[in-house]
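Below: one structure, written as structure tokens.
Derivation of every value follows stated rules applied to the coordinates shown; laboratory data play no part. All figures in this text were calculated on a predicted structure; none of them were measured in a lab. Note that each Cβ is placed from the backbone with ideal geometry, even for glycine, and that neighbours are counted across all protein chains shown.
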């Protein structure tokens, strides 16, 4: 007995997936007949695809999650794949949860994801790494192209983003692993957050001196 899946088209134009079970009848070592049974598994395949998609999506924001990165790691580590990563971390997000509650915090996360989606290209991949950290994977051929996308987010943030955020961006080195570029981008993002805090402190000091 042999089983295999086939896609076929019905008379009404509908495309279905069927599981064919094939039995071979032999006589004196020769095949004399084939018997097959077709079972429509379209609904099952659709459900499997939906479950697979849900497993790699963050249920709150609809972004991809870390499980997606793990599944796509061989793609991100192809030698011929030129891309950059922009990592965003929401500033003072804990204060939002503490002051207004977690429901409002969830709304901020959803609105922030929408802000990124609004400003990214169709093929760019947005991942919620966890908590209030997001990573945007962009296929570009140079650091300059990556900086253009980062500057677009920064320029549009004051009138589109629901909350201030820190951003770091890194262009992939030849042969760099996914874990390595994520670690470098994370460091760049926290360096930007540190510079921002220093700027805030200087501003406060200037204000006090005035």
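Springs between alpha-carbon pairs under 10 angstrom, Gaussian network model over the chain: which of 160, 43, 110 fluctuates most? Comparing 160, 43, 110 in a Gaussian network model of the chain, the most mobile one is 43. For Rg/Rh (Cα atoms, Kirkwood Rh), the candidate list reads (1) 1.18; (2) 0.94; (3) 1.21; the entry that matches the value derived from this model is (3).
By other beta-carbon atoms within 10 Å, ranking 21, 99 with the fewest at the front produces 99, 21.
Here the range 159-192 is scanned for amide nitrogen atoms under 15 Å from the site 7 Å beyond the Cα of residue 111 along Cα-to-Cβ, giving 159-165.
Inter-label distance, residue 82 to residue 154: 2.3 nm, where each label sits 7 Å from its Cα along the C-beta direction.
For residue 164 and residue 55, the difference between the fully extended length at 0.36 nm per residue and the C-alpha to C-alpha distance is 36.3 nm.
Classify the range 75-139 as rounded, prolate or oblate from the Cα gyration tensor: take a ≥ b ≥ c as the square roots of its eigenvalues, call it rounded if a/c is under 1.5, otherwise prolate when a/b beats b/c and oblate if not. Could the numbers behind the result be given before it?
Working: a/c = 3.58, a/b = 2.39, b/c = 1.50.
Prolate.
With neighbours defined as other Cβ atoms within 10 Å of a residue's Cβ, the residues 98, 91 order from fewest to most as 98, 91. The fewest-to-most ranking of 169, 159, 114, 23 by surrounding Cβ atoms within 10 Å reads 159, 23, 114, 169.
What the Cα atoms of the range 2-47 give is an Rg and a Dmax of 14.0, 44 Å.
Per-residue ellipticity at 222 nm computed for the chain from its helices equals -15500 deg cm²/dmol, with DSSP H segments shorter than 4 residues left out and the rest contributing -39,500 (n - 2.57). The peptide list 131-138, 161-168, 149-156, put in order of mean Cβ contacts within 10 Å with the highest first, becomes 131-138, 161-168, 149-156.
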